[in-house]
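First up is the structure itself, then whatever we jot down about it.
The values are calculated or read from the model by the stated rules, or taken from the named source; none is laboratory data. All figures in this text were calculated on a predicted structure; none of them were measured in a lab. Cβ atoms come from the backbone with ideal geometry, glycine included; neighbour counts cover every protein chain shown. Surface accessibility is based on the protein's heavy atoms, side chains included, excluding ligands, DNA and RNA. Shrake-Rupley method; radii C 1.70, N 1.55, O 1.52, S 1.80 Å.
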Amino acid sequence: MTTLPPFIFATCQSGVENVLKREAARQYPFLRPAFSRRGFVTLKFADATQPLEGFRFEAVFARAWGFTLGRVEVGDQAEAARQVWKLIGEIPVRMVHVWPRDSAPPGRSDPDTPWPDEVEQIRSLISAAAPESVNLVAPDTTPRRGLRGQWVLDCIIVDPDEWWVGIHRLEGPETFYPGGRFPLCLPEHAVSRAYLKMEEALRWSQFPVPPNARWAELGSAPGGASQALLDRGYEVLGVDPAEMHPAVLQHPKFTHLRRRTTQAPRRAFRKIRWLAADINAAPNYTLDAVESLVTYPQINIRGMILTLKLPEWTLADRIPEYLERIRSWGYNVVRARHLWYNKQEICVAALMRPFKRKPVVVRQKARRKRPT
Ligand SMILES: C[S@@+](CC[C@H](N)C(=O)[O-])C[C@H]1O[C@@H](n2cnc3c(N)ncnc32)[C@H](O)[C@@H]1O
């Protein structure tokens, strides 16, 4: 069994470090902030606490996390690659992930900017320096069940002359990609960047959505997210008082309800099983809109992908309260993540497992009293 070091690292969007540290302090009071830079945070297990084998750092704002083994000063990169393996020691790693921290000025991160070519060169260099006993799998872009639970060597380029080395286990689909970044790029026909946000949410949540499923999206204009759903073959009911892009409107599986959610007739949702929301309003406004639908007697929603905007970062402190509210509607699998394509907002994935429809209430006609 691998002895786990008493430090963890997490990478996050630039400018979100303090939000992440507050989240960690709330959920893991035994973790203390240690070294950090923009986009990169480390935390130490304090007061002689030690990570146990099953420890998971389930933080919304950590896009990737792992156990920290140490840092390597980089002069000659080939020598640095050998140092990386010294830190790994006997840990049986199966993959090498290399990525840079997000060092953009806060609020200026561009999720579309590809990482520099050097990142791949460093990954090749480290892989080539692996001891013979190490059995690395080729860089793989599709999460494979057989690799679940295996260790990955993490090398975060904190600065060109400073790499931090750690390990994480392959678990959820995002853990298969360096930095938790799914390999996505905007298709030419996409009418808004929300396409990528929805695609990332679908890949991360891994919802068991059947082919031909029916979705509704609250806040659907101009239509990028709806397109991501349509491209997967789903039917979409877009609810938005604003205009949809003509390319989306023309899609045979798309219907536009040009209304606010509160004014949308409830019968339009009777056959809908999956709900997305991306309303540009404070979280409780979105949650009120969603609650009014999912608690309606004749509406049965199995799973939801909700964007909760955080106009103030301090609202991040209330995320546990928002998730609890969603659970109170009967959703027992509720997770949140600050997606790669989220800006000042988070994605919540909520699923009812097993799915239970509300009982059908048959109204009986009142019997007329017979005249006596
Ligand atoms: C961020 S945009 C949505 C982007 C969209 N998901 C896409 O893929 O292009 C937010 C949208 O929420 C809509 N909106 C605001 N309040 C709403 C409400 N009460 N019901 C439905 N839509 C609403 C706005 O009109 C706006 O189009």
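Taking a Cβ cut-off of under 11 Å around Glu199, the surrounding Lys, Arg, Asp and Glu residues balance to a net charge of +2, with basic ones at +1 and acidic ones at -1. To put it simply, the accessible area of the chain at a 1.4 Å probe is 51 percent carbon and sulfur. Amide H to amide H distances under 5 Å link Ala64 with Thr11, where only residues 5 or more positions off or on other chains count and H is placed in the peptide plane. Going by the alpha-carbon gyration tensor, a ≥ b ≥ c the square roots of its eigenvalues, is the range 75-177 rounded (a/c under 1.5) or, if a/c is not under 1.5, prolate (a/b greater than b/c) versus oblate? Judged from the Cα gyration tensor, the range 75-177 comes out oblate (a/c at least 1.5, b/c at or above a/b). How big, in percent, is the set of alpha carbon pairs in the range 194-351 lying more than 22 Å apart? So the pairs more than 22 Å apart make up 35 percent of the total in the range 194-351. So what does Cys185 come to for accessible area, using a 1.4 Å probe and Å² rounded to 10? Result for Cys185: roughly 110 Å² accessible. Out of every Cα-Cα pair in the chain, what percent are more than 27 Å apart? Above the 27 Å cut-off, the chain has 52 percent of its Cα pairs.
Across the range 231-238, computed HN-Hα scalar couplings (Karplus, 6.51 cos²θ - 1.76 cosθ + 1.60, θ = phi - 60°) run 5, 8, x, 7, 8, 10, 9, x Hz from first to last residue, x flagging Gly and Pro. Residue-wise HN-Hα couplings along the range 107-115, as the Karplus relation 6.51 cos²θ - 1.76 cosθ + 1.60 with θ = phi - 60° gives them from phi, are x, 10, 5, 10, x, 7, 5, x, 6 Hz; Gly and Pro carry x.
Considering only C-alpha atoms, what is the centroid distance from the range 233-255 to the range 325-340, in Å? Distance between centres, Cα-based: 26 Å.
Label separation (Glu312 vs Gln250): 4.6 nm, computed from points 7 Å beyond Cα along the C-beta direction. For the range 264-276, putting each phi into the Karplus relation 6.51 cos²θ - 1.76 cosθ + 1.60 with θ = phi - 60° gives couplings of 7, x, 4, 5, 5, 9, 4, 9, 7, 10, 10, 10, 10 Hz, in residue order, rounded to whole numbers and with x for Gly and Pro. For Ile305, what charge total do you get from the other residues with a beta carbon under 13 Å from its beta carbon, if Lys and Arg give +1 and Asp and Glu give -1? Taking every Cβ under 13 Å from that of Ile305, the sum is +2. Scanning residues 5 or more positions from Gly70 or on other chains, those with amide H under 5 Å from its amide H are Val165, with H placed 1.01 Å from N in the peptide plane.
At a probe radius of 1.4 angstrom, the accessible area of the chain per residue rounds to 50 square angstrom.
Of the peptides 188-198, 103-113, the ranking by mean beta-carbon count within 10 Å, highest at the top, reads 188-198, 103-113. Ranked by solvent-accessible area (1.4 Å probe, protein heavy atoms only, all chains present), the residues Lys343, Lys21, Lys253 order from largest to smallest as Lys343, Lys253, Lys21. Rg over Rh for the range 7-180 works out to 0.94, using Cα positions for both radii and the Kirkwood form for Rh. Distance from the alpha carbon centroid of the range 145-161 to that of the range 64-93 works out to 10 angstrom.
Summarising the amide proton neighbourhood of Ile279: residues at separation of 5 or more, or on other chains, whose placed amide H is nearer than 5 Å comprise Thr307.
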